[in-house]
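Written out below as structure tokens is the structure these notes cover.
The values are calculated or read from the model by the stated rules, or taken from the named source; none is laboratory data. Nothing here was measured: the structure is a model prediction, and the numbers come from that model. Neighbour counts are summed over all protein chains in view; Cβ atoms, including those assigned to glycine, are modelled from backbone coordinates with ideal geometry. To get the accessible areas, we keep the full protein, side chains included, count just its heavy atoms, and leave off ligands, DNA and RNA. Shrake-Rupley method; radii C 1.70, N 1.55, O 1.52, S 1.80 Å.
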Amino acid sequence: GLGVLTAILVRAGQRMGYQVIFSDKKGLAIRNGGVFGHVTFMHRDLPISPIVPYGKAELIFGVDVLAAARGTDPNVNFRVAHPSRTTAVVNTAKNPTIRTLMGEDDFDPEALIATIRARTREIVSGDFAAFSEDVAGSKLYANIMMMGAAFQRGFLPFSEDAIVNAIKDSVRREDLDENLRVFHAGRRFVV
């Protein structure tokens with residue numbers, strides 16, 4: 001999911017001549033924590049930290065709606081969104097946390113989308129997991145579908161050639177055709 005998405009973004013950015021730095025936080029989702037990545041593209045010297053500063057993100061990929069909402073919350077230190085700067089592509093599928101499964105907590109994806117919409121400049125949202133399952137028979141391609149939607153809306157600073165080649169370099173050869181098909185389905189999703 002997120003690791004493949006980050007790899008594609010990094011490779012596409014490099015193909016476009018950007019200096020790219022990134023950071024992934026992995027492995028804590030099962031403990032009710034967030035999994036996220038930060039990717040920075042620059043044409044000049046890189047910053048010291050790969051972590052996107054508070055309120056400075058230009059795009060949020062919300063593979064998980066709850067994590068995306070956390071990235072827009074001005075009351076937490078993980079906030080990267082700013083209402084005048086940030087666009088978002090968010091999957092509205094509900095992925096229950098451990099606390100939700102235990103009946104200790106719950107959340108409404110549509111309420112979170114409304115919150116994200118109020119805290120970003122523009123949002124593209126939908127149940128990319130269900131759409132991916134309809135198109136490819138698996139929810140696993142939701143991330144690639146979201147990337148297609150972001151590309152089609154002009155949220156990514158890449159050429160089609162750069163992103164298609166980055167996908168080719170980032171996924172297994174036997175999965176390439178399906179990933180490219182789903183990427184283009186994501187483009188159609190927003191058209």
Other-chain or far-sequence residues with amide H under 5 Å of Gly62's (modelled H): Val89, Val90, Asn91
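Given a Förster distance of 45 Å, report the FRET efficiency between Ala114 and Ser159 from their Cβ-Cβ distance, rounded to the nearest 0.05.
0.85
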What's the extension gain from Asp73 to Phe22 if we count 0.36 nm per residue and subtract their Cα-Cα distance? 16.2 nm
Given Cβ point charges of +1 (Lys, Arg) and -1 (Asp, Glu) and nothing else, what value in debye, to the nearest 20, does the dipole of region 77-132 about its Cα centre take? 380
Out of the total accessible area of the chain (probe 1.4 Å, heavy atoms of protein only), what percent is carbon and sulfur? 50
Which residue, chosen from Leu101, Asn91, Ser170, occupies the Cα position most advanced towards the positive end of the dipole of the chain, where the dipole is computed from +1 (Lys, Arg) and -1 (Asp, Glu) charges on Cβ about the Cα centre? Ser170
Computed on Cα atoms, Rg of the chain relative to 2.2 N^0.38 Å comes out at 0.98
Starting from 0.36 nm per residue, how many nanometres of slack lie between Asp177 and Asp106 once their C-alpha separation is accounted for? 21.8 nm
In units of 2.2 N^0.38 Å, the Cα radius of gyration of region 139-191 is 1.03
Simple SL model, points at 7 angstrom along Cα→Cβ for Val191 and Gln14; separation in nm is 3.0
Candidates Val52, Val89, Val171: whichever shows maximal mean-square fluctuation once the chain is modelled as a Gaussian network with Cα springs under 10 Å: Val171
Please give the per residue accessible area of the chain, computed with a probe of 1.4 Å over protein heavy atoms only, in Å². 52
